[in-house]
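Structure record follows, encoded as structure tokens.
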Amino acid sequence: MIRNYYTEAFKGGVVPTISATQLIDGRLKSTTPQSSWKQYSLYVGKSPVQSNNFGSVTSATANAAAAAQKVVTYKVANPYVQAGMNVYDDGVLIGIVDTITTANQFNLIDNLAALIANDSVLTFSFSVLPSVSVLTIDNKAVTFTQPAEGFVLPVSVVQVTAVAGGLGTLIALD
């Protein structure tokens, strides 16, 4: 059970759809009068922190990889590597992580343009800070940048319009 900062228990929760047209409860914003909007508290389950024991960005030591492939492996598992992160080899952008396939392997969105040397240090970072944009019960658009993981946002939310920078696992609580 998730509790807010007043220690009141929430009755239930739903995973909100990120949409510019749909309210959290599934109704279209354009056809639903504001007086009928259902309000939620928004819990942030995952907010990447790029200041961790790997440094300000996360890194991994690569195994050799040939050009014209999407699969990249690295020597030691790094739980901070996530889909959507930019990947740099010696400061040069080589791609964007598409999927994490194992603890030591990921796929890029596009093929590598050049090879990766064995023992190269790859660095990973999101191109933007973690954020969530919402519409409040008062019909105000608000963006929270770097919201704390595990906390409930301090507004009554009716719609989630955008997320960025690896933010995820949002739960709309009622």
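Is it true that LYS46 is of a type in the set (D, E, K, R) and either within 20 Å of the chain's Cα centre (by Cα) or more than 30 Å from ILE137 (Cβ to Cβ) (or both)?
yes
Return the residue satisfying two criteria in turn: it lies in the stretch 151-166 and is under 19 Å from GLN82 (Cβ atoms) and not in a strand (DSSP E or B), and of such residues it is nearest to the chain's Cα centre (by Cα).
For the stretch 151-166, the residue satisfying everything is GLY166.
How about the stretch 78-96: which of its residues are closer than 19 Å to ASN118 by Cα and at pLDDT 90 or above?
VAL87, TYR88, ASP89, VAL92, LEU93, ILE94, GLY95
Every residue, every condition in (1) surrounded by fewer than 16 Cβ atoms within 10 Å (Cβ to Cβ); (2) under 30 Å from VAL15 (Cα atoms), yes or no:
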site	(1), (2)
THR31	yes, yes
SER47	no, yes
THR58	no, yes
ALA66	yes, no
TYR74	no, no
TYR88	no, no
PHE106	no, yes
VAL132	no, yes
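Is it the case that ALA162 is small (Gly, Ala, Ser), over 26 Å from GLN34 (Cα atoms) and surrounded by fewer than 17 Cβ atoms within 10 Å (Cβ to Cβ)?
no
Does any residue of the stretch 109-125 turn out to be at pLDDT below 90, charged (D, E, K, R) and loosely packed, with under 15 Cβ neighbours inside 10 Å?
Scanning the stretch 109-125, I find no residue that is at pLDDT below 90, charged (D, E, K, R) and loosely packed, with under 15 Cβ neighbours inside 10 Å, so the answer is no.
Based on this model, can you work out whether GLY12 counts as surrounded by fewer than 14 Cβ atoms within 10 Å (Cβ to Cβ), closer than 24 Å to VAL152 by Cα and either in contact with a Pro (Cβ under 6 Å, 6 or more places away or on another chain) or at pLDDT below 95 (or both)?
The answer is yes for GLY12.
The values are calculated or read from the model by the stated rules, or taken from the named source; none is laboratory data. Here the structure is a predicted model, which means the values were calculated and not measured. Ideal geometry is used to build each Cβ from the backbone, glycine not excepted, and the neighbour counts take in all protein chains shown.
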